[in-house]
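I have placed the structure first, in the form of C-alpha cells, so that the comments after it can refer back to it.
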Amino acid sequence: MKPMKIADKVYYIGPDENESSHASAGILINSSPKIYIDIYIGEDATIKLLAEEKPDIAFLSHHHIDHTRFLPLIKEYSNAELIVPEGEENYLTDFNFFEKKTAGQSYSSTEKWNLYFKKMSNYKPVHNFKTQADGDTFKSGNVTLECIKAAGHSPSHTVFNFPSEKILFASDIGIGEFGPWYGWLDCNLHEYIESILMLKSLDIDMLITSHDGFFVKDIKHEWDKCLRHFFKREQFVKESLNKGKTKDEIIAHGIYFLNKSKVPDPMNYIITLWDSIMFDHHKNQLENEPLEKLFPELSSHLLSM
C-alpha cells in the first residue's frame with residue numbers, strides 16, 4: 001500500500017488486500033529521526049519499505065506474532081534502533097516463556113500448536129533492543145510521539161499518541177466489527193476495559209488501528225461499541241451456563257470466532273484454542289468479579305445501546 005499522509009510528516013501504511021492475516025498496518029514518521037511503528041505488510045514489501053525509508057528507530061506495540069514479524073527484518077535490513085514495551089521483553093527472546101504465558105503447557109505441547117507457531121507463524125527470537133515505559137515521549141522533527149500503556153490485550157500493549165495532531169495509533173485495541181480480542185492467558189479483561197476508558201478520555205480527531213483502518217467520526221461512540229463487546233460476551237456466557245450449556249458447546253457457538261467448522265486445521269485448532277481461553281477469562285470473571293458489577297453504570301448503558 002502506498003503511504004497515506006495523515007498529518008505533516010506522519011504517514012499510515014497498511015498491507016494490500018492480498019496479504020495474510022499476519023500483516024499489520026502501522027505508522028511512519030518521515031522526519032529526523034525517522035520513526036517506524038508496527039508496520040508489517042508482507043515480507044517482500046516490508047523489506048522494500050525498509051530499504052527505501054531507512055528508519056532510524058522502530059517501535060513495537062506488543063508481543064503478538066502478527067506484530068513481531070517485522071522485528072527480524074528490522075535487524076537484517078536496517079540499522080534502526082528497536083524499542084519495545086517495558087514488561088514484554090521475555091516474550092521476544094524466549095519461545096518457552098512465550099508458550100507458557102500465552103497458551104500454557106496444556107495447549108502448547110500439542111502437534112497442531114507446534115505446526116502453527118513454529119512453522120506458520122515464523123516466530124523468531126529477537127535480542128538487542130531498548131524499552132519504553134508508559135508516558136515516554138520522543139521527538140521527530142516537529143512531531144511529538146507519546147507512548148501510552150494500554151494493557152489488557154497484552155500485559156504492556158502500547159498505543160502511540162500524537163498530541164499536537166490529535167491522532168492516536170491504537171494498534172490492537174479492538175476497534176472494529178469483531179471487537180476486542182483476549183485469547184491468551186496473559187490477557188486481562190478488567191485492565192482492558194480500564195485502558196479503553198482511559199483512551200476514550202483523550203482529545204483526538206483521528207483513531208488509527210492495525211487491522212481495522214482508521215476512524216474520524218463519532219470516535220467516542222466507536223469506543224463504546226468496542227466496550228460493549230465485553231459485556232455482551234459476558235452476558236452470553238452467563239446465560240449459556242445458566243441454561244446448562246457445556247464449555248465445548250459455548251465455544252462451538254463462538255466467543256470471538258464464529259463458523260469455526262469451516263476453517264481447516266491447524267487454524268481451526270488455533271482459533272478454537274483462542275475462543276476457549278476467552279471463555280475461561282469470562283468464566284473466571286463471573287466466578288470472582290463479574291464485569292457488570294465492576295462497571296455497573298457502564299454495563300447498563302452499553303447493554304441498552
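Observations on the model:
- For the chain, the longest principal axis of the alpha carbon atoms and the long axis of helix 43-53 meet at an angle near 40°.
- Packing around the peptides 126-138, 157-169, taken as the average count of other Cβ atoms within 10 Å per residue, puts them in this order, highest first: 157-169, 126-138.
- The chain: angle of helix 219-242 to the longest principal axis, Cα-based, in degrees nearest 10: 30 degrees
- Across all C-alpha atoms in the range 225-303, the radius of gyration and Dmax reach 13.3, 42 Å.
- Per-selection metrics, the range 71-146 (Cα): Rg and Dmax in Å: 15.8, 51
- Only Lys, Arg (+1) and Asp, Glu (-1) charged, at Cβ; the range 225-303 dipole about Cα centre in debye: 260 debye
- Net charge of neighbours whose Cβ lies under 10 Å from the Cβ of MET305, counting Lys and Arg as +1 and Asp and Glu as -1: +2
- The calculated FRET efficiency for LYS118 paired with SER164, based on their beta-carbon distance and R0 = 45 Å, is about 0.55.
- Packing-based ranking of 148-156, 243-251 yields 148-156, 243-251, ordered from highest to lowest mean Cβ neighbour count within 10 Å.
- Under the combined filter of DSSP loop state and at most 14 neighbouring Cβ atoms within 10 Å, the range 12-61 retains these GluC sites (Glu not before Pro): GLU17.
- Helix-only [θ]222 nm of the chain, DSSP H runs n ≥ 4, -39500 (n - 2.57) each, per residue, nearest 500: -11500 deg cm²/dmol
- The length gained by stretching the chain between HIS301 and LYS217 to full extension, at 0.36 nm per residue less their Cα-Cα distance, is 28.2 nm.
- Both radii were evaluated on the Cα set of the range 159-266; the Rg over Rh quotient, with Rh as the Kirkwood radius, amounts to 1.04.
- The convex hull of the Cα atoms of the range 4-218, projected and averaged over all directions, covers 11.4 nm².
- The stretch between GLU177 and ASP16, if pulled fully straight at 0.36 nm per residue, gains 56.0 nm over its current Cα-Cα span.
- Mean Cβ count within 10 Å, highest first, over the residues of peptides 113-122, 3-12, 82-91: 82-91, 3-12, 113-122
- Gain on full extension, evaluated as 0.36 nm per residue between LYS238 and ASP224 minus their Cα-Cα distance, stands at 2.9 nm.
- FRET efficiency estimate (nearest 0.05) - Cβ-Cβ, LYS139 to LYS262, R0 41 angstrom: 0.25
Read-outs throughout are calculated quantities, based only on the coordinates presented, and are distinct from any laboratory measurement. What you see is a predicted model, and the numbers here were worked out from it, not measured in a lab. Cβ atoms come from the backbone with ideal geometry, glycine included; neighbour counts cover every protein chain shown.
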